[in-house]
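One structure is given below, encoded as structure tokens.
The values are calculated or read from the model by the stated rules, or taken from the named source; none is laboratory data. Fair warning: this is a prediction, and the values are worked out from it, not measured in the lab. All Cβ positions, even for glycine, are placed from backbone atoms using ideal geometry, and neighbour counts span all protein chains on display. These accessible areas exclude ligands, DNA and RNA; they are computed on the full protein's heavy atoms, side chains included. Shrake-Rupley method; radii C 1.70, N 1.55, O 1.52, S 1.80 Å.
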Amino acid sequence: MKIAILKERRVAEKRCAATPETVKKFIALGAEVNVETGAGIAASIPDAAFEAAGAKVVGDAAAALSGAALVLKVQRPLTAGEGAVDELGLLPKGATLVAILNPYGAKEQLAGYVAAGIDAMAMELVPRITRAQSMDVLSSQANLAGYKAVIDAAGEYNRAFPMMMTAAGTVAPARVLVMGAGVAGLQAIATARRLGAIVSATDVRPASKEQVQSLGATFVAVEDEEFKQAETAAGYAKPMSEAYQAKQAALIAETIKKQDIVITTALIPGRKAPILVTEEMVKTMKPGAVIVDLAVEQGGNCPLSELGQVVEKHGVKLVGHANVPSRLAADATALYAKNLLNFVTLLIDKETKQLKIDWEDEIVKGVALTRGGQVIHPNFQA
């Protein structure tokens, strides 16, 4: 069985779907591994490292994909109208594609997988069950994004984070509000605390309160009856009523006036990111304050954020970097590649060394978009 690793071509994407470590593990499972030349360069992995691990480094995408049964990528393949290389058109018919496919944002591409005869699996749909934790790409990448958000904020903020006692006077600590206490938010809290900031956080999920407080931050939320029911069985935040949103917004409006830095992380799968920081709130913030919007790729938690830009509005800097995990490409690659290895191990028969997909497996059912020329995921069937 042959596995293909392609060079990522989408803008701002520096990650790679494999590392020398995971290549060795794939070979131990009985696979041959083709790596397109330059696939790991942006993640600090030279071609020679892949070769030393046992992979065959080939000159272009077509050569890497030739005869491949399994194709591993970070982002969904480019189509003919998106780039110089039609990656989707090059995928061998019957191959299994495993990547972050953004099916909610690129539903039209599902028809392309069907037409190409590709069995497509979207890693961001891995169910949040104990058995799948080691495959959870959203968590592994969000962890790094939460850390990087604080570092980016510190870079844009024109004051220090910790309290400093000097002969010339005292430097007050920065006040940081983290909005959304999922994986990214919790890492942002921990990182801001390590840098010496006074940290508070808000989230609509009741379970987050204890997690926030355990990291030494103050929890900010309207804790009414609706709040107590605001979490799905899968651990995601539920959309809240307009009445609750109004009460929460009033509380945040008062809180945000005192903050130096706000980091927003709130996302709802398949929906536009909720607005948490309005323009009116931004106008009340301190001059020189910073907002880092980690939801900017799904419309942003602040309507003033601009994708891929750092802008200043009403005296506040708004940081809207695209693909934040890719800004830590080496570590993001290492974690993502390990997620893929753990998932792919489920798909390979230990005796025959070939793909043997159990389509009834709970994890496979969660991520499988297309199979045998049909869309099979219930969320995307017409």
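For this structure, a couple of remarks:
- Here Gln309 fulfils each of the conditions (1) surrounded by 14 or more Cβ atoms within 10 Å (Cβ to Cβ); (2) within 30 Å of Ile261 (Cα to Cα) apart from (1).
- Test: residue in region 61-71 that is farther than 15 Å from Thr370 by Cα, in contact (Cβ under 8 Å) with a residue 12 or more places away in the chain and not hydrophobic (A, V, I, L, M, F, W, C): yes
- Checking Ile198, Ile252, Ile268 one by one, the residue that is touching a residue at least 12 places away in the same chain (Cβ under 8 Å), in contact with a Pro (Cβ under 6 Å, 6 or more places away or on another chain) and of a type outside the set (Lys, Arg) is Ile198 and no other.
- Looking across region 27-47 at every residue that is assigned to a helix (DSSP H, G or I) and within 20 Å of the chain's Cα centre (by Cα), the one that is nearest to Ala329 (Cα to Cα) is identified as Ala43.
- Members of region 196-214 that are buried (at least 18 other Cβ atoms within 10 Å of the Cβ) and either under 21 Å from Val290 (Cβ atoms) or not polar (S, T, N, Q) (or both): Ala197, Ile198, Val199, Ser200, Ala201, Thr202, Asp203, Val204, Arg205, Lys209, Val212
- Checked against the criteria, Glu51 does not count as closer than 21 Å to Lys350 by Cα, out of contact with any helix residue (DSSP H, G or I) (no Cβ under 8 Å at 6 or more places or on another chain) and at pLDDT 95 or above.
- For region 47-66, the condition of being open to solvent by less than 30 Å² (accessible area, probe 1.4 Å) and in contact with a Cys (Cβ under 7 Å, 6 or more places away or on another chain) holds for none of the residues.
- When region 334-382 is filtered for residues that are touching a Pro at 6+ places or on another chain (Cβ under 9 Å) and either β-branched (Val, Ile, Thr) or exposed (fewer than 14 other Cβ atoms within 10 Å of the Cβ) (or both), the ones remaining, listed by number, are Glu362, Ile363, Val367, Asn379.
- Selection count, region 148-177, where residues are buried (at least 18 other Cβ atoms within 10 Å of the Cβ), β-branched (Val, Ile, Thr) and either assigned to a strand (DSSP E or B) or free of Cβ contacts under 8 Å to residues at least 40 places away in the same chain (or both): 1
- Within region 94-134, the residues that satisfy the criterion of being part of a loop (DSSP other than H, G, I, E, B), open to solvent by less than 40 Å² (accessible area, probe 1.4 Å) and more than 15 Å from Ile357 (Cα to Cα) are Leu101, Pro103, Ala106, Gly117, Val126, Pro127.
- Members of region 12-26 that are open to solvent by less than 10 Å² (accessible area, probe 1.4 Å) and in a helix (DSSP H, G or I): Thr22, Val23, Phe26
- Top-ranked residue in region 79-93 [being at pLDDT 95 or above and part of a loop (DSSP other than H, G, I, E, B); ranked as farthest from Val324 (Cα to Cα)]: Lys93
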